[in-house]
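Reviewing the structure listed below.
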Amino acid sequence: MSQLKTIRSLKKRTNILVLVFMFLFVQNAFSAGPSGKDGFDAGQMILHHIYDSHEWHVFDWKGKSYSIPLPIIIFHEEKGLDIFMSTKFNHGKSVYNNYKLDHGKIVFIGDGGQVDNIQTSMIWDFSITKNVFSLLFSILILLSIFITISRRYKNKKNQPPKGIQSLLEPIIIFVRDDIAKSAIGEKHHEKYLSFLLTVFFFIFLNNLLGLVPFFPGGANLTGNIAVPMVLASLVFIITTLSGTKYYWKHIFAMPGVPKPVLLILTPIEIIGVLLKPLVLMIRLFANITAGHIIILSFFSMIFIFGEMHPAAGYGVSVFSGLFVLFMMTLELLVAFLQAYVFTLLAAMYFGAALEEH
Amino acid sequence: MELVKPDIGLLFWMTICFFMLLIIMRRFAWGPILSALNEREKGIQDALNSAEKAREEINSIKQNQEHLEKEARAQREALILESKKFVEDYKSEQKKRIDLEMEKRLSSVQEAIQREKQSAVESIKKSVAVLSVEIAEKILEKKLEESSIQQDIINKSLENLDIK
């Protein structure tokens, strides 16, 4: 009986927690929208969330913006290095050291108070933005989790897994057996295993963190083109470096194909080599970004209808909430699926490059 | 399109951080984890194999034992049979020997007795003769002359006396 009671109370507590989280997310989403006089702009609010940011916006309260300040690191080709906190910008209202935050971009303000485009083009922005912070945070999580686990593996050999180890071990074995071994083969898979595992868990964790609606989650890291770009570039480099003679021969001069056909086939094959990582990049980027956009769109509907009439806003919020719940659940699946697909395709490219006859 | 234009800052940090993550994870996480997993899998396989082997060994030992038991039982039976026969043989032989000995002894004793009897008869005969002579002498002290005749008579009568 008492057990049932505790379960029930736990359920109640989680329900409250979910409500609080949803409230926070709504707050977060709404606060991000420009609270101008021309009303709620859903597109801009959504894009603002998809893009990177120089400060971590938490919420607005009575017209004031509350955000977590992040370090700004600017390298200017003439002025040199400049490091300061984002509070100096005062949410884009102030100019600091001739720099100003303008719609998420740092611009150079000339002496006349106008944006100097030539000087702006000399700015190299290495700031610890929301995404960079999220990147560092996720790396910290990955390192702390896996180094803790590996210590257990080292100290307690030949013992059944325990705790978080038993949660992650099946995934590690899944990546090893069903991705690396099946796509690359028994012989060579070990060489690529640490890369594949790192990529898998990096994408998976960041996809999940992207779904958490408040600090330190909510950054659209895997949905930012730069991150899949680096990952896909690494896949491309590794594939190119591990290509065997057989692999290159099949790209540049497919055996058994007449010469005139080769004239068409070879360019296609070369494009294919470049296209593979490109598709890898776009798939991850587009999937995650699309998920964020859909969820935010459902939330935007509440405010769009709310502007028409408050009652309409409340009415729509029920359906929007349910749809967001559904999408969130789907995104949890997508988070895993995209990590799996990226890793599997990378492994298959490696496997193809290693193929011998 | 702002959306597909990568920021140099994020590219820079991502490249550096991901490389570091790769190196650290490879050295401190995946290495130990994967080797431990392999080791454990190998250990389990080995344990299974050795269990199978042990079972086979036990089976063969059991069979061997059964075989040995059977053999031992047969041997015991044979031994018992043999010893029984031996004992019987020994007994009968011994009996025969004892019988023979007894017979021998009996016959020698009988012989001895016969001999003793003979000698005793002999001596009795002698002493009877002497005694009779003495008696006769004493009787005939008075009738002296006819001693030789009487002696003859005595001898004759003694000879008739058959003591066996």
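Quick look at the numbers
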{"item": "Packing rank of A:66-78, B:74-86, where each peptide gets the mean count of other beta carbons within 10 Å, highest leading", "result": "A:66-78, B:74-86"}
{"item": "Cα gyration tensor, the range A:131-354 - rounded (a/c under 1.5), prolate or oblate", "result": "oblate"}
{"item": "Peptide A:116-127, shielding by other chains (average Cβ, 10 Å cutoff)", "result": "2"}
{"item": "Residues of type aspartates and glutamates that B:LYS138 reaches as a straight line, Cα spacing below 15 Å, ignoring anything fewer than 8 places off in the same chain", "result": "B:GLU146"}
{"item": "The range A:131-354: relative contact order in percent, alpha carbon pairs under 8 Å with at least 6 residues between", "result": "29 percent"}
{"item": "Distance from the range A:195-251 to the range B:1-49 (C-alpha centre basis), Å", "result": "12 Å"}
{"item": "Set A:LYS105/A:LYS130; A:LYS191/A:LYS276; A:LYS64/B:LYS5 screened for pairs whose C-alpha atoms are more than 23 Å apart", "result": "A:LYS64/B:LYS5"}
{"item": "Pairwise label distance in nanometres, B:ARG76 with A:LEU143, each label 7 Å out on the Cα-Cβ vector", "result": "7.6 nm"}
{"item": "Tensor-based shape of the range A:71-127 (alpha-carbon gyration tensor, a/c under 1.5 rounded, otherwise prolate or oblate)", "result": "oblate"}
{"item": "Partners for A:LYS62 among lysines (Cα-Cα distance below 18 Å; same-chain residues under 8 apart left out)", "result": "A:LYS37, A:LYS93"}
{"item": "Helix axis angle, B:31-140 relative to chain B longest principal axis, alpha carbon, degrees", "result": "0 degrees"}
{"item": "Estimated FRET transfer efficiency when R0 is 41 angstrom, pair B:ALA120-B:LYS84 (beta carbons, to 0.05)", "result": "0.20"}
{"item": "Whole-number D in µm² s⁻¹ for the protein assembly as shown, Kirkwood Cα-pair radius fed into Stokes-Einstein, 37 °C, 0.692 mPa s", "result": "101 µm²/s"}
{"item": "Extension gain from A:VAL279 to A:LEU241, taking 0.36 nm per residue of separation minus the Cα-Cα distance", "result": "11.7 nm"}
{"item": "Charge tally in the Cβ shell below 13 Å around A:TRP248, where Lys, Arg are +1 and Asp, Glu are -1, A:TRP248 excluded", "result": "-1"}
{"item": "Angle in degrees between helix A:164-174 and the longest Cα principal axis of chain A, rounded to the nearest 10", "result": "40 degrees"}
{"item": "Number of partner chain Cβ atoms within 10 Å, mean per residue of A:229-242", "result": "2"}
{"item": "Computed E for A:TRP124/B:VAL4 - FRET, C-beta separation, R0 30 angstrom, nearest 0.05", "result": "0.90"}
{"item": "Restraint check, A:LYS187/A:LYS245; B:LYS84/B:LYS104; A:LYS156/B:LYS42, Cα-Cα greater than 19 Å", "result": "B:LYS84/B:LYS104"}
{"item": "Order by protection proxy (mean Cβ within 10 Å, highest first), peptides A:175-186, B:105-116", "result": "A:175-186, B:105-116"}
{"item": "Pairwise label distance in nanometres, A:ASN98 with B:GLU134, each label 7 Å out on the Cα-Cβ vector", "result": "18.5 nm"}
{"item": "Tensor-based shape of the range A:219-258 (alpha-carbon gyration tensor, a/c under 1.5 rounded, otherwise prolate or oblate)", "result": "prolate"}
{"item": "Peptide ranges A:313-324, A:337-348, A:199-210 listed from the most packed, as the mean C-beta count within 10 angstrom indicates", "result": "A:199-210, A:337-348, A:313-324"}
{"item": "For residues of A:69-79, the mean tally of beta carbons on other chains within 10 Å", "result": "1"}
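Here, each number is a calculation from the coordinates, and none is a lab measurement. Not measured: the values here are computed from a predicted model. Here the Cβ is made from the backbone with ideal geometry for all residues, glycine too, and neighbour counts use every protein chain on show.
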